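To keep things clear, I will list the structure first and then write my remarks on it.
Throughout, read-outs are computed from the coordinates displayed, never taken from laboratory work. Since we're looking at a predicted model, the values are computed, not measured. In this analysis, Cβ positions are derived from the backbone assuming ideal geometry, glycine residues included, and neighbour counts consider all displayed protein chains.
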Amino acid sequence: MSQVRVRFAPSPTGFLHIGGVRTALFNWLYARQQKGALVLRIEDTDQSRSTEESIQAILDGLRWVGFDWDEGPFRQTHRLELYRDHAMKLLEQGKAYWCVCKPEELEARRKEAEAKGLSPRYDGRCRSLGIVKPAGEAALRFRAPQQGQMIVDDLIKGRVVFDHEVLDDLIILRSNGIPTYNFSVVVDDALMGITHVVRGDDHLTNTPRQLPIFEALGFPLPRFGHLPMILGADKTRLSKRHGATSIMEYKKMGYLPDAMVNYLVRLGWSHGDQEIFTRQELIEKFSWDHVQKSAAVFNPDKLLWVNEQHIKQDDPAKVASLLLEYLISLGTMDPMKTEDFSEEILAYRLVNAPRESLVKAVVMVRERTKTLEEMAHWVTPYLHDEARIEEEAAKKFLTPAMAPVLAELTQYFSMLPEFSKPGWEDAFKKFVETKGLKMGQVAQPVRVALTGRTASPGLFEVVELLGRERTLYRLRKGVEYAQRAA
RNA sequence: GUCCCCAUCGUCUAGCCUGGCCUAGGACGCCGGCCUUUCAAGCCGGCAACACGGGUUCGAAUCCCGUUGGGGACACCA
């Protein structure tokens, strides 16, 4: 059995969108599972719509989501000679012919046919003209078979039958010498040795147009697989109206690449009742026969949930490094910068390596965050030595009345011989009890002193992360704040 | 208009090929409860679907036909 070779062939007319990512995903998964090759090909034969920025955006998007390719990126505009040669071969063999109809004429005839309720197909008027050397501008048309049937055994849709008579003679070479899509794909897929052409549903009806070209050129047929479309909440094709459609917007919103992949693959593929997959699991478990045939509605709520699951379950070190990258992109944290810390604060600094402390912080906050964006917010109180105290929170809990209690607690903590989470927790409970207070009455002010906020992870998880010195430092700062409030 | 594809809770889906185990399972969301030092998370429970009509069969979500609905394609776009 020969090696599986698949391809992702976007046209660079915009950013990499969700639908494109999913097409790339299925190709990538299959290539990795079969230990085959993924070829990246840029279909830029429409020169008026293709841009360099789009190519860059597509590559960036693929890299972010982690789909590595084995060959390419190839650009069709760099391969024009190849298409012309093959087109000429067809001409010589009488399998293609020159068409001298003007684009405007074709357009007019098409409109007319439509108005009469007929199929807007090319009427084939140049078919038997036998033009050898066109005088003026001319396009090359493929002489398509007119009877019989084409049978496609689609990986996803199953057996699909098309009648040849519904097809017309399509243009394979424009009058400017640039090939059209249906021709260049065939030449490329064949020459690149693609064994499985997996693409969007919208190409299903292009398949019967392409098959005869493979045959005319004497190329072996690849297998085809047509992935269903992704729809918006209103069940129309996903577009800007539905909100974010560029994959990079999800990066900005704090989604994990693995979560994105997980969600997108489940949108149209299933493995029993399993919802959460690692990349490795997907590669192992993926199979064409569980790919859904019908279109699926993109559900942002579920995507968010999947992201949350990955934040909670994935390797915290990995999440931390993604978070660090995210923090840097926000400007919240510059790991190279130390002047943030005053001498005084540095004295109390226990957490030296941002990466290491970040992993601990991730583990602490991950139960309560759904995205890196939220995580960035939750983790900030632990990034620096001093916590920025929120005014609203302080007003409510760091009150003058609270100052003596906090001061006493701080004193009490500072005298404890040993520092440990359970030790301090017990001590705290005893303190609250002997004072005749309720947990919440003391816990909230302490929370504000330690984190600057009214909502945080468990108090003693925070204490443990901060360590003895930073905890005491922040408590003292809290006491000062409460006293000043008088 | 012609051709092609599709059809299970609001959404993603399991089940369908190889009919009975389906009084249709899971997940998101929603509602209620438990837990609780805050915020979450977690746990328990609830609401909610086989598009419709004919067949075939002892028996159909599952097989066949039709209807309806949705989507796609019919460019010197990809």
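Percent of C-alpha pairs per 10 Å bin in the stretch A:428-486, short distances first: 23, 53, 24, 0. Fraction of C-alpha pairs exceeding 15 angstrom in the stretch A:127-224: 64 percent, rounded to a whole number. Available extension along the chain between A:M253 and A:K435 is 61.0 nm, counting 0.36 nm per residue and deducting the alpha carbon span.
Straightening the chain between A:L221 and A:E391 buys 54.3 nm, computed as 0.36 nm per residue apart minus the Cα-Cα spacing.
Put in order of Cβ neighbour count within 10 Å, fewest first, the listed residues A:S54, A:S414 become A:S414, A:S54. Taken about its Cα centre, chain A carries a charge dipole of about 680 debye when Lys and Arg each add +1 at the Cβ and Asp and Glu each add -1 at the Cβ.
Amide H contacts for A:A37 (H built 1.01 Å from N in the peptide plane; partners 5 or more residues away or on another chain; cut-off under 5 Å): A:V4, A:R5, A:V6. The packing ranking, built from the mean of other Cβ atoms within 10 Å per residue, places the peptides A:117-126, A:83-92 in the order A:83-92, A:117-126, highest first. Computed from backbone phi with θ = phi - 60° and the Karplus coefficients 6.51, -1.76 and 1.60, the 3J(HN,Hα) list for the stretch A:191-206 is 5, 8, x, 5, 9, 9, 8, 10, 8, x, 3, 5, 9, 3, 7, 7 Hz; x is used for glycine and proline.
The fraction of Cα-Cα pairs per 10 angstrom bin, counted from 0 for the stretch A:58-206, comes to 9, 30, 35, 19, 6, 0 percent, rounded to whole percents. Label sites at A:S2 and A:Q483, each approximated as a point 7 angstrom past Cα along Cα to Cβ, lie 8.3 nm apart. Backbone N atoms of the stretch A:146-184 closer than 18 Å to the 7 Å Cα→Cβ label point of A:E92 belong to residues A:173. Of all beta bridges that DSSP places with both ends in chain A, some 50 percent have antiparallel geometry.
For the Cα trace of the stretch A:368-486, dividing Rg by the Kirkwood Rh returns an Rg/Rh value of 0.95.
Taking 0.36 nm per residue of separation and subtracting the Cα-Cα distance, full extension of the segment from A:L80 to A:Q147 would add 21.0 nm. Computed on the Cα atoms alone, the convex hull of the stretch A:163-268 gives a volume of 178 cubic angstrom per residue.
Can you give me the relative contact order of the stretch A:1-129 as a percent, contacts being Cα pairs under 8 Å and 6 or more apart? Over the stretch A:1-129, the number comes to 23 percent.
Normalised by the number of residues in chain A, the mean separation of alpha-carbon contacts (under 8 Å, six or more apart) gives a relative contact order of 12 percent. Over chain A, the hull volume per residue, using the convex hull of the C-alpha atoms, is 198 Å³.
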